[in-house]
Amino acid sequence: MDTIQIHTKSKNYPVFVGEGTLQDIGPFLTHHFPKLTKLFIITDETVAGLHLEKLLAVLEPFKTTVFTAPKGERAKTFEVYYNALSTALEYRLDRKSIVLALGGGAVGDLSGFVAASFMRGIPFIQIPTTILAHDSAVGGKVAINHPLGKNMIGAFYQPEAVFYDLELLKTLPIQEIRSGFAEVIKHALINDDYFYQWLSSNIDDLNSLTLEELSKSLTKGIRIKNEFVSQDERETGVRAFLNFGHTLGHAIEAEMGYGNFTHGESVMIGMVFALKLSIEYRGLSFPLQEFIQWVERLGYQTKIPNHLSLEKLVTKMKQDKKSVGETIHFVFLEEIGKPVLQEVNDADILERLRKFLK
C-alpha cells in the first residue's frame, strides 16, 4: 500500500492507495475519532449493488446509515442534495458524525458538499470506486451542478482521508476506465514529460491495464495533483492549471446533457483542442497527430459531436469558473509540464472551433 500525504493550507491528510485498503477504515476511525457517534454513507445505486456490503462488513461495530443517490451526474442536483441533508437530519447526525463518500467523482462531490454544509461542516472521508475519482477525491473541491454550469454551487472542503482500494476498480466498465484515464493523461501533460512519455509508450489498451500500471498511474496522478493543491488550495493561481482541457470539456458535457457523455471523454476533446491552440498561440512543439492517434487507439473521441451548437459551447465556456467578466480563459501549454493561463476572445474561439470541426 502507498500512502501519499496531501498538504493544504487548511488541512493535511493521507491518501491510502492499494489492494484491500477498505480493511483499514475501521482502525483509522477508531484511532482518529474516538468520540465518533454515527456514520453516514453516501453512495449511488450502481456502487451500492457492487460494493456497499463490503464496506458495511468492515464498519459493523459502528452506527451506520446509508443514503443512495442516482448514478453519475444525476447525483449532483439540488433535489438530491436536499434529500441527502433531509436524511442526515432525520438520522440525527451531529458534529461528531462522519460522512463517508463511497463512489465516483459525482458521489464524492455531493458527499463533500453535504458534509461542508451540514451543521456548517462535519468531517468526511473519500472512498473512491472509479479511476476518475483519483483526481476529484483529492484537493477538497466539492459541488453540485446547476443547469447553467457544472460545479457552480459548492465549496473548498478537505476530507479527513482518502481510502483508494484498487480492488474496487475491477468492476469498472471500459467507458468509466476511459473517462478516468483522461485525467491521468492530463496530469502528465501539465506536469511531467517523463510520465507522459511513459504513458504513451506503455499504455496501448485500457482493457488490459495491469494492476502495476494502474497503481503507478494513479499514485503519480495523485502526487501531481498534490503539487498544485499544496501551493494553491482555493484556485487563485496555479491550481487553475489542473483545468487543462476542462474549459471546452465542461461545455461539451453540459451541452450533451450531464450523464450522456462522460467527464473524461469530454475533457479529452477539450485537451486536443487546447493542445491545438497551444501550438498556435504559445508555439508549443508537440506531435499532435501522434497524440490523437494514440488516444483514439485507446478509444477516445477527439472531435466535438457534430450536432452541438458552437455558439452555445462558447456561451457555456464564458460561464466557466476560470472566466473573468465573461472573458474566456484557457489553460495552454508552452511545453509539456509548463502550463499557462491565457485570455482568448469569443470571435477567435468560435473561428477555431469551426476549423476544429473540419
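Just so you know, all these numbers are worked out from the coordinates, no wet-lab data involved. Just so you know, these numbers come straight off a predicted model, no measurement behind them. Here Cβ is always computed from backbone atoms with ideal geometry, including for glycine, and neighbour counts include all displayed protein chains.
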Practice task
Estimate the FRET efficiency between Asp193 and Lys355 by the formula 1/(1 + (r/R0)^6), using the beta-carbon distance for r and 35 Å for R0, to the nearest 0.05.
Solution key: 0.80
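Sorted by average packing, counted as other Cβ atoms within 10 angstrom per residue and highest first, what order do 21-32, 278-289, 178-189 take? Don't jump to the answer; show the numbers that get you there.
Working: 21-32: 15.8, 278-289: 14.2, 178-189: 25.8.
Packing proxy ranking, top to bottom: 178-189, 21-32, 278-289.
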Fill in the blank from the handout: Taking every alpha carbon pair in the stretch 2-171 and sorting the distances into 5 angstrom bins from 0 up to the bin holding the longest one, the percent per bin comes out as 1, 9, 20, 25, 23, 15, 6, 1, 0
Practice task
Please compute the Cα-Cα pair-distance distribution of the stretch 267-358 with 5 Å bins starting at 0, giving whole percents from short to long.
Solution key: 3, 13, 23, 25, 21, 12, 3, 0
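Tally Lys and Arg at +1 and Asp and Glu at -1 over the other residues with C-beta under 15 Å from the C-beta of Leu132: what net charge comes out?
Details: positive: Lys71, Lys76, Lys141, Lys150, Arg178, Lys186, Lys225; negative: Asp44, Glu73, Asp109, Asp135, Glu176, Glu183, Glu253, Glu265.
With Lys, Arg at +1 and Asp, Glu at -1, the net is -1.
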Problem - Principal axes of the chain: Cα extent on each, largest first, Å - result: 59, 41, 36
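When only C-alpha pairs under 8 Å and at least 6 residues apart count, what is the relative contact order of the stretch 174-357, in percent? Write out the running numbers ahead of the final one.
Details: 234 pairs, mean separation 48.0, N = 184.
Relative contact order, the stretch 174-357: 26 percent.
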Exercise for the section: Using per-residue counts of other Cβ atoms within 10 Å, averaged over each peptide, order 343-353, 218-228, 64-74, 79-89 from highest down. Expected result: 218-228, 64-74, 79-89, 343-353
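Beyond 23 Å, what share of the Cα-Cα pairs of the stretch 96-222 remains, rounded to the nearest whole percent? Intermediate values should be presented prior to the final figure.
Working: 2860 of 8001 pairs.
It works out to 36 percent of all Cα pairs.
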Practice task
Measure out, as a whole number of angstrom, how far apart the alpha-carbon centroids of the stretch 170-192 and the stretch 70-129 sit.
Solution key: 25 Å
Problem - Of Lys141/Lys318; Lys71/Lys338; Lys11/Lys71; Lys38/Lys71; Lys186/Lys312, pairs whose Cα-Cα distance is over 28 Å - result: Lys71/Lys338; Lys11/Lys71
